[in-house]
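**Student:** Here it is: the structure, laid out below.
The values are calculated or read from the model by the stated rules, or taken from the named source; none is laboratory data. Note that the structure is predicted; figures quoted are calculated from it, not measured. Cβ: placed from backbone, ideal geometry, glycine included. Neighbour counts: every protein chain shown.
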Amino acid sequence: MKRPTHGGNLAWAASLASCPSSLILDFSASINPLGPPKSALAAIESGLQDLVAYPNPSYYQLRVSLSQLHPTLDPDWILPGNGCAELLTWVCRELAQLEETFLVTPAFSDYQRALKAFAGKVREHLLGLGVVGCPIPIPQSPIPKMVGLLLNNPHNPTGHLWDKEEIEPYLEQFALVVVDEAFMDFLPPDQQQSLIPMVQEYPNLVILRSLTKFYSLPGLRIGYAIAHPERLQRWQQWRDPWSVNTLAVAAAKAVVQDTEFQQKTWAWLKSARSQLFQGLVQLPGLQPYQSAANFLLVQSEQSSSLLQEKLLKRSRILIRDCLSFPELGDNYFRVAVRTQLENQQLLEALSRILS
């Protein structure tokens, strides 16, 4: 079976570990281990009776529910999608119409996929790993008007969080700025650095948000974009009329109101991430990077793909190699933050191999 590009491929992992996929402890996909919330499961069960009808292609009620997360926005500024991946496709169609797109790397591989699908020209700008403050690596020279910028915040795979003031000047310089905030909701509201409050002031700004990672619903596929209504209406004309299925709509409407689950997640992440970071620091040959997200990037003296294989075969634990990030290669891996018990299992398994 071919090595996967993304994390979370349990079928591939199970083939190496020679066990059922249900026995794999997955640290490769950065998904909240506390979910799915009970509110989502109840909404899905209730929504089964609605499967006999097509979803409303305007998704108005879902957009109203999502607008409650962002009270300054009218529902017309929000477009739900079949995960962020679908919405990324449409914004990359627009980026590809520009002279070129500046891409901060290392970057999520789907950015290149979506841009290349529309023959977009990409100029990569390498982030300095380990550089204090991790400044955005965009040159200070004047930027041509018909150029786009695509980056994510918190950054994947490093987990670095940029202050919104660091990104705001680029809104004046680029024709189109796309900020993927798929992991932003893992930060408590008072710590988030979202550019959503600026979207009404800057019609050239697009924000992408995921509901699958925080609420542990990756198999359901649900995300949303925030942008000027005219832009979102154009995307509606490009895409299939029923991009979001009925059960995803029901679950999304429920979870955005689940404040108990949100508070529980924020409380879990702070302590669990610290535990995992400190444990990795103490292991020989590993250097984890501080992260604001629910994952950690780790530099390894050993081959990460070999380490991945050993963990699977000996402990049925899957970590994410970074071979799909060409700038990182085989000396880095990424691990999701899971429960403290599961984090300890990973640390002990790594200790046995590295010692």
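Table: residues versus (1) surrounded by 15 or more Cβ atoms within 10 Å (Cβ to Cβ); (2) of a type in the set (Gly, Ala, Ser).
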residue: 73; (1), (2): yes, no
residue: 87; (1), (2): yes, no
residue: 92; (1), (2): yes, no
residue: 100; (1), (2): yes, no
residue: 107; (1), (2): yes, yes
residue: 113; (1), (2): no, no
residue: 119; (1), (2): no, yes
residue: 125; (1), (2): yes, no
residue: 136; (1), (2): yes, no
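**Student:** Scan (1) under 14 Å from the mean Cα position of the chain (by Cα); (2) assigned to a helix (DSSP H, G or I); (3) aromatic (Phe, Trp, Tyr) for the single condition residue 224 breaks and write down its number.
**Tutor:** Evaluating residue 224 over (1) under 14 Å from the mean Cα position of the chain (by Cα); (2) assigned to a helix (DSSP H, G or I); (3) aromatic (Phe, Trp, Tyr) leaves (2) as the failure.
**Student:** If you don't mind, another one. For region 300-312, state whether one or more residues are surrounded by 15 or more Cβ atoms within 10 Å (Cβ to Cβ) and within 26 Å of residue 162 (Cα to Cα).
**Tutor:** Yes, that holds for at least one residue.
**Student:** Moving on. Among residues belonging to region 182-221 that are over 16 Å from the mean Cα position of the chain (by Cα) and among the β-branched types (Val, Ile, Thr), point out the one that is surrounded by the fewest Cβ atoms within 10 Å (Cβ to Cβ).
**Tutor:** Per the stated criteria, the residue is 196.
**Student:** Would a scan of region 161-171 turn up a residue that is in a helix (DSSP H, G or I) and aromatic (Phe, Trp, Tyr)?
**Tutor:** Taking every residue of region 161-171 in turn, at least one turns out to be in a helix (DSSP H, G or I) and aromatic (Phe, Trp, Tyr).
**Student:** Within region 182-215, track down each residue that is among the aliphatic types (A, V, I, L, M) and within 19 Å of residue 32 (Cα to Cα).
**Tutor:** Within region 182-215, 182, 184, 187, 208, 211 meet the criteria.
**Student:** Pairs please, first residue from region 159-183 and farther than 22 Å from residue 84 by Cα, second anywhere and part of a helix (DSSP H, G or I) and modelled with pLDDT of 95 or more, Cβ atoms under 8 Å, 6+ apart in sequence or on different chains.
**Tutor:** 168/198
**Student:** I'd like the full set of residues that are part of a loop (DSSP other than H, G, I, E, B), surrounded by 17 or more Cβ atoms within 10 Å (Cβ to Cβ) and at pLDDT 85 or above, limited to region 1-28.
**Tutor:** 24, 27, 28
**Student:** Do you know which of the residues in region 113-132 that are part of a loop (DSSP other than H, G, I, E, B) and of a type in the set (A, V, I, L, M) is nearest to residue 95 (Cα to Cα)?
**Tutor:** Only one residue fits best here, namely 119.
**Student:** Among the residues of region 309-330, which ones are farther than 28 Å from residue 184 by Cβ and not acidic (Asp, Glu)?
**Tutor:** Within region 309-330, 310, 311, 312, 313, 314, 315, 316 meet the criteria.
**Student:** Kindly indicate which of 50, 76, 110 is under 26 Å from residue 192 (Cβ atoms), assigned to a helix (DSSP H, G or I) and over 21 Å from the mean Cα position of the chain (by Cα).
**Tutor:** Among 50, 76, 110, only 76 is under 26 Å from residue 192 (Cβ atoms), assigned to a helix (DSSP H, G or I) and over 21 Å from the mean Cα position of the chain (by Cα).
**Student:** Among the residues of region 269-289, how many are surrounded by 15 or more Cβ atoms within 10 Å (Cβ to Cβ), touching a residue at least 40 places away in the same chain (Cβ under 8 Å) and assigned to a helix (DSSP H, G or I)?
**Tutor:** 7
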